[in-house]
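What follows is a short report on a single structure.
The values are calculated or read from the model by the stated rules, or taken from the named source; none is laboratory data. Small disclaimer: the values here were computed from a predicted structure and weren't measured. Cβ: placed from backbone, ideal geometry, glycine included. Neighbour counts: every protein chain shown.
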Amino acid sequence: MMILVGGEKGGSGKSCLAQNLAVYFAKIKKGIVLMVDCDPQRTTSDWIQARNTDPSLPAINCIQLYGKIRNDLLSLNQHYDYVIVDCGGQDNLALRAAMSVADHVIIPLRPKRRDLKTVPHMEDMLSTCKMVNPKMLASFVITQCPALPTQANRIIEAKDVCKSYGINVLNAVTYSRNIYDDSEESGSSVLEIDSESKAALEVIAIAEELIAMKPDNSHEFN
């Protein structure tokens, strides 16, 4: 399975989500996992480097790829159970190339207007890539949600905006929690810091929702 975590908007927690999904598939699903860092900021590569300094954490493979990476990804996908691709927050060759081969495309968005403004462009991009990769499943996931109950409507409204473009939106969301930052800085994951934390349950819910998705539930981009 190849999962692309990408999108046009920076700061929505793409790398953090990609890292935690990688640990989920390695730790809980016992799979052989490869992370592909396509972000020039090297966030995931730096996370892996920090992780490798802690012998108590299971190793996760990571490589860096940029530009026209379609053939590279096709080749790598044959050698790993799960390939998690982390693309930066911009429309570039690597993002479109990864979309052309990924099984799942996950687009994190915060429930903020400046993030939601990118939805129309992402829909156009997904429509184009769907022509090359008809098996692709695409979903938005709302991330870094405010925890205050009075802000719950913002999450609902953000999901409604995404759904209005005919693209799937995951039921699971993530909330703004310090444990995400703490785990990323230490090369760990929320699953490893506290497997029963609210953040860990959020990651598990996202991963299990992805696994349960079937092609019949995908958006046809007509």
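Answer yes if at least one residue in the range 173-189 is out of contact with any Cys (no Cβ under 9 Å at 6 or more places or on another chain), at pLDDT 95 or above and either of a type in the set (Phe, Trp, Tyr) or part of a strand (DSSP E or B) (or both), and no otherwise. No: the range 173-189 contains no residue that is out of contact with any Cys (no Cβ under 9 Å at 6 or more places or on another chain), at pLDDT 95 or above and either of a type in the set (Phe, Trp, Tyr) or part of a strand (DSSP E or B) (or both). If ASP91 meets every condition in (1) surrounded by fewer than 18 Cβ atoms within 10 Å (Cβ to Cβ); (2) in contact with a strand residue (DSSP E or B) (Cβ under 8 Å, 6 or more places away or on another chain); (3) of a type outside the set (A, V, I, L, M, F, W, C); (4) at pLDDT below 90 apart from one, which number is that one? Of (1) surrounded by fewer than 18 Cβ atoms within 10 Å (Cβ to Cβ); (2) in contact with a strand residue (DSSP E or B) (Cβ under 8 Å, 6 or more places away or on another chain); (3) of a type outside the set (A, V, I, L, M, F, W, C); (4) at pLDDT below 90, only one is false for ASP91: (2). Can you find, within the range 1-57, the residue that is surrounded by the most Cβ atoms within 10 Å (Cβ to Cβ) among those that are without any contact (Cβ under 8 Å) to a residue 24 or more places away in the chain and at positive phi? The extreme case among them is ARG42.
Restricting attention to the range 58-71, the residues that are part of a helix (DSSP H, G or I) and free of Cβ contacts under 8 Å to residues at least 12 places away in the same chain add up to 1. Can you spot a residue in the range 74-89 that is more than 20 Å from ALA138 (Cα to Cα) and among the hydroxyl-bearing types (Ser, Thr, Tyr)? Yes, the conditions are met somewhere in the range 74-89.
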